[in-house]
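The numbers here are math on the coordinates, done by the rules we state, and not lab data. Because the structure is a prediction, the values reported are computed rather than measured. Reconstructed Cβ throughout: ideal geometry from the backbone, glycine too, with neighbour counts over all protein chains shown.
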Amino acid sequence: MSSWYPDDILLLPLSGIQHFAYCPRQWALIHLERQWEDNLGTVEGKLLHERVHSALPTETRGDVIIVRSLPLVSYELRLYGVADVVEFQLASDVDTGITLPRRKGRWLPIPVEYKRGRVKPDDRDEVQLCAQCICLEEMFGIQIPQGMLFYGRTRRRVPIRMDQRLRKRVRELAAEMHQLYEQGVTPEAPTHTNCDLCSMLDVCLPSVARGRL
């Protein structure tokens, strides 16, 4: 990791970038006002993550080393978190990947983020996965070309390419999160978000908040 950053640098939870991408007000209610409400979707999501994290912390399957609950940090993004799964895959290119203790060859870390539902129409899952990739790149000093999203409803993986457009989006969202955190102000309710799917609906009261505009 980089060592020139001050010890007191403010780090925000990486998982919040998904909330922020969906709705900055939702993010602020959770991370500024410390409010939370569950619905069926959030409960199912918690159960899925608990099953993932309760398995063996490390195991090997062929040429893949599976590491669960790996701590992550990026001082560039000023975010920290824990990856559901990071698969260290044996790299075919000797210039790619990292060395591992008691392992031959070089290994490329690929994050696998678990989601309970199915592919979404927006990019909230992709930005969370990309933020994890940026953390791993900063931690290990490498480039990661893609990550994986696993959806519990469809039981399949979706590869996500870490292109420059997605990386730029993540950096912009992270900067906006920190700006809003420093301001300490909860934004008004947006008009473009599907509020009926949000577990925070009864806390947010979007129709009342929009009436203040």
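Let me make sure I get this right: for region 12-200, a, b and c are the square roots of the gyration tensor eigenvalues over alpha carbons, sorted descending. Under 1.5 in a/c it's rounded, otherwise prolate if a/b > b/c, else oblate. Which is it?
prolate
Sorted from fewest to most neighbouring beta carbons within 10 Å, what does the list Leu129, Leu149, Leu10 look like?
On the way: Leu129 27, Leu149 20, Leu10 9.
Ranking Leu129, Leu149, Leu10 by Cβ neighbours within 10 Å, fewest first, gives Leu10, Leu149, Leu129.
What translational D, rounded to a whole number of µm²/s, comes out for region 56-161 from Stokes-Einstein when the hydrodynamic radius is the Kirkwood one over Cα pairs, at 20 °C and 1.002 mPa s?
Diffusion coefficient, whole number: 150 µm²/s.
What is the fewest-to-most order of Thr96, Thr60 by other Cβ atoms lying within 10 Å of their Cβ?
Numbers: Thr96 15, Thr60 10.
Lowest count first: Thr60, Thr96.
Under a Cβ-only charge scheme (Lys and Arg +1, Asp and Glu -1), can you give me the dipole magnitude of region 12-200 about the Cα centre, in debye to the nearest 20?
Values: 26 positive and 25 negative charges, 139 e Å.
Around 660 debye, computed over region 12-200.
Which whole-number percentage describes the relative contact order of region 12-200, with Cα contacts under 8 Å and a sequence gap of 6 or more?
Relative contact order here is 25 percent.
Give the long-range amide H neighbours of Arg106: residues separated by 5 or more places, or on another chain, with amide H under 5 Å away, using H modelled in the peptide plane at 1.01 Å from N.
Residues meeting the amide H criterion: Ala91.
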